[in-house]
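Student: Sending over a structure as structure tokens; questions will come in a sec.
Any read-out appearing in this document is the output of simple, stated calculations on the displayed coordinates, not a laboratory observation. None of these values were measured; they are calculated from a predicted model. Glycine gets a Cβ as well: all are built from the backbone with ideal geometry, and neighbour counts include every protein chain shown.
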Amino acid sequence: MGEKSGLRVWARRAAIGAAALGLALAAAALALDRLDRAYPPPLGNVAGISPEVVDRKGALLRVYAAPDGRWRLKAEIDKLDPQFLEMLVAYEDRRFWSHAGVDPIALARAALQLAGNGRVVSGGSTLSMQIARLIEPREERSISAKLRQIARALQIERRLSKHEILELYLTLAPYGGNLEGVRAASLAWFGKEPQKLTLSEAALLVALPQSPEARRPDRHPTAAKSARDRVLARMAKAGVIAEGEVERASTFQIAAKRLAMPAFAAHLADAALRAAPGKLRHQFLLDRGVQASLEAVALESARRLGAKVSVAMIMADAQTGEVLAKVGSADYFDAGRAGWIDMSVAQRSPGSTLKPFIYGLAVEDGLIMQETMIEDRPGNFHGYRPRNFDMAYQGDVSVRQALQMSLNVPAIRLLDAIGPARLVSRMRRAGVELKLPPGEAPGLAIGLGGAGLTLEGLVQLYTSLANRGRAMALRYAPDAEPPAQAAAAVLSPQATWQIADMLAGVAPPEGAPRLGIAYKTGTSYGYRDAWAVGYDGRHVLGVWVGRPDGGSVPGLTGYLAAAPILFEAFSRAGIGVTPLPRAPAGAVRLAAAELPASLRRFSSSFGAPIPGAPTEPAPEIVFPPEGARIDVGFAEGAGQGPLALKIIGGRAPFRWLANGRPLAESFRRRSASWMPDSSGASTLTVIDAAGRAASVRVFLE
């Protein structure tokens, strides 16, 4: 009985002890839980993330430094190289997936190594402990600091999943200089995202965070290579990689130069950050490949064209309005070219780029067909006297030739017939506004660039030519509401096809291949702006060339400067060329002999000419001007020189009279010369073949 009684007493005491221990452990756990809640890990102190701008597929276009000046991009496990992740865990924390934040085995090993060697051989820190050190940096290395890291690591593991912990580490880990996180490191050292790394690259990214400054590849390439090779050897020993791969990967050179961060679509990216400064990820409909190609073409072309010259380009999908590339300047960072100015939205004179829409309206109205003859002779349109760019005239030409040669006078004849206000109205249908002087109504000069227009507006207008007459509003962001097709088309499908058929026949610039695109060039007054806009059956590309300060560039023309860029950009964009649309019902190209009588020659809205009456305007002397004082050499006594005579209008041949006496010969050209025999006042008169005359009085010195 005594023995049994003793056992019962012992069992009772053991039960009481166990209960007390359980209560003590529960109380300790409750206390630790309350302590954990009272002093949580400062995960909210995680440093700011770099804002990024991405294209339609998520490819990085531009990245900005975080507020503290560091490049720190958020890492996402599913977008990182799996081999790199496996190597990182095997090297840094091989029991990462099983421990609760602290690895007792690694800590014990580190302590034994410290005791045996008198120095730190391995730290025993888990990835969670390293995150604790990164979010609460401390200079001292002590037992108390290590204990704080352990406590924080346990707290972090309670709050974050393993994937979240790994992502946080790979966002904050140092990689040398102001680089933090594996994405910033991969971009800076390899020029690519860490989605698919070579074995050599992965090993270097594993090695750098342990001693980021001492192993910086750009400053200490030998140390970086040694660290990389140690990682490779250890991974082979651990069975993560094959032994035979170590030697091959070790032969690769270390990237000894830090690369610049991506800065594509800089102007668009800047605008996005200004509009939403707190947003970390901005997405556009751009295509990074197309954007990069066009930026390269713009930079190379601007350097060929000379100092201070810039280039802007926009490429858009004409059927959706989605912008695939937008280049605001030749080089955003080039102060000499004012690269910070986005010339794609600057108001400039569009030159002759609106002529296709003038011709399109005239076709739509039944005034002309491609082989209709039209006059290219000097004309006076209510006081407006347009001249061709080369100051020469072709006489009678077909409408097709007039558009392809970009002749000014025929375009104004047609604009006078359809009305400038109607052209502006059709542009408004496309959502495009011409900038006119305040209070001024649209005049004939808008047909030759006498108004302001942006490259962005011009490309939007040209989407109608590639989209059977319907313009699409340009779209940059995927979350922007898709625009509906315009309620009223800019041009009819038939007129649109006629314009494309004519513009597709324009010869490419010298040295450029035929791409099967339709295109139009333009040059503004004084060689300030050169334009080229081209399109195929799907895409529109607009090019502007000039100086951002509006300065003149002698010899800068659309055909010589902008058109070669257009063809090169279309070729290098990597999107191919979509055939132009087939002719819609009712659209045909008739030969001259097949035209009805009313369409064989263009007649203005003022009616057919009177039979036998001259069709040319009366002659007008443009030099010398009325009342001019002209130095021809009498004052110096060295003998006078000839005086140039120039007229516009009239019908050849021309007879000149000086002070009532005819010159020795008649002239068929609108320029002549006269050798005066005395100084003082003189009267010059010209008479054309129809008997019409013009006179000026001048004073010769």
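Student: May I ask for the distance between the Cα centers of the stretch 300-360 and the stretch 681-701, given as a whole number of Å?
Tutor: Value for the Cα centre distance between the two parts: 47 Å.
Student: Shifting gears a bit: With +1 on each Lys and Arg Cβ and -1 on each Asp and Glu Cβ, and nothing else charged, work out how big the dipole of the stretch 620-700 is about its Cα centre, in Debye to the nearest 20.
Tutor: Working: 10 positive and 7 negative charges, 78 e Å.
Its charge dipole is roughly 380 debye.
Student: With Kirkwood radius over Cα pairs in Å in mind, check (1) 26.6; (2) 28.3; (3) 31.8 and report the label derived from this structure.
Tutor: Of the labelled values, this structure produces (3).
Student: What ranking do 219-229, 248-258, 321-331 get when scored by the average of other Cβ atoms within 10 Å per residue, highest first?
Tutor: Taking the mean over residues of other Cβ atoms within 10 Å, the ranking is 321-331, 219-229, 248-258.
Student: A275 to A392: FRET efficiency via 1/(1 + (r/R0)^6), r the Cβ-Cβ distance, R0 51 Å, to the nearest 0.05?
Tutor: Working: r = 50 Å, r/R0 = 0.98.
It comes to 0.55.
Student: Let me ask you something else. I need to check one value: relative contact order of the chain, counting alpha carbon pairs closer than 8 Å and at least 6 residues apart, in percent. Walk me through the intermediate numbers first.
Tutor: Details: 1340 pairs, mean separation 69.0, N = 701.
Contact order relative to length: 10 percent.
Student: In addition: Assuming R0 = 30 Å, what is the FRET efficiency of E247 and R109, from their Cβ-Cβ distance, to the nearest 0.05?
Tutor: Details: r = 29 Å, r/R0 = 0.96.
Calculated value: 0.55.
Student: Also, I was wondering about something else. Report the one residue of L453, A276, I105 whose Cα lies farthest in the direction of the positive end of the charge dipole of the chain (charges on C-beta: Lys and Arg +1, Asp and Glu -1; origin at the Cα centre).
Tutor: Checking the options against the dipole of the chain, the answer is I105.
Student: Rounding to the nearest 20 debye, state how big the charge dipole of the stretch 274-407 is about its Cα centre with +1 on each Lys and Arg Cβ and -1 on each Asp and Glu Cβ. It would help to have the intermediate numbers written out before the result.
Tutor: Details: 15 positive and 15 negative charges, 139 e Å.
My answer is approximately 660 debye.
Student: Further question: Can you order the peptides 652-658, 682-688 by their average number of other Cβ atoms within 10 Å per residue, highest first? Can you show the working numbers first?
Tutor: Numbers: 652-658: 16.6, 682-688: 19.1.
Final packing ranking: 682-688, 652-658.
Student: Further question on the same structure: With charges only on Cβ, +1 for K and R and -1 for D and E, what is the dipole size of the chain about its Cα centre, in debye, rounded to 20?
Tutor: Values: 84 positive and 66 negative charges, 411 e Å.
The dipole magnitude comes to about 1980 debye.
Student: Once fully extended, how much extra length lies between R95 and A583, figured as 0.36 nm per residue of separation less the alpha-carbon to alpha-carbon distance? Write down the numbers at each step before the final one.
Tutor: Values: separation 488, 0.36 × 488 = 175.68 nm, distance 6.93 nm.
So the extension gain works out to 168.8 nm.
Student: Here's a follow-up. What FRET efficiency would be calculated for the residue pair S161, I16, taking the C-beta separation as r and a Förster radius of 60 Å, to the nearest 0.05? Could you put the intermediate results ahead of the total?
Tutor: On the way: r = 41 Å, r/R0 = 0.68.
Here the calculated transfer efficiency is 0.90.
Student: Among Q155, P493, T463, which residue has its Cα furthest toward the positive end of the charge dipole of the chain, with +1 on Lys/Arg Cβ and -1 on Asp/Glu Cβ?
Tutor: So the residue furthest toward the plus end is Q155.
Student: For the stretch 223-319, what percent of Cα pairs sit more than 20 Å apart? Before the final figure, lay out each step's value.
Tutor: Details: 3007 of 4656 pairs.
Roughly 65 percent, rounded to a whole number.
Student: Let me ask something else about it. So how much slack lies between R56 and A681, counting 0.36 nm per residue of separation and subtracting their Cα-Cα distance, in nm?
Tutor: 217.7 nm
Student: For a protection proxy built on the mean count of beta-carbon atoms within 10 angstrom, sort 187-194, 444-451 highest first, please.
Tutor: Numbers: 187-194: 19.6, 444-451: 22.8.
Ranking, from highest mean packing down: 444-451, 187-194.
Student: Sticking with this one: Between I77 and A260, what is 0.36 nm times their sequence separation minus the Cα-Cα distance? Round to one decimal in nm. Working shown, then result.
Tutor: Values: separation 183, 0.36 × 183 = 65.88 nm, distance 2.41 nm.
Result for the pair: 63.5 nm of gain on full extension.
Student: Given the chain, what percent of its DSSP beta bridges are antiparallel, to the nearest 5? List each step's numbers first, then the result.
Tutor: Working: 59 of 68 bridges.
About 85 percent, rounded to the nearest 5.
Student: Still on this structure: Among Q401, V632, I143, whose Cα projects farthest towards the positive end of the dipole of the chain, with charges put on the beta-carbon of Lys, Arg (+1) and Asp, Glu (-1)?
Tutor: I143
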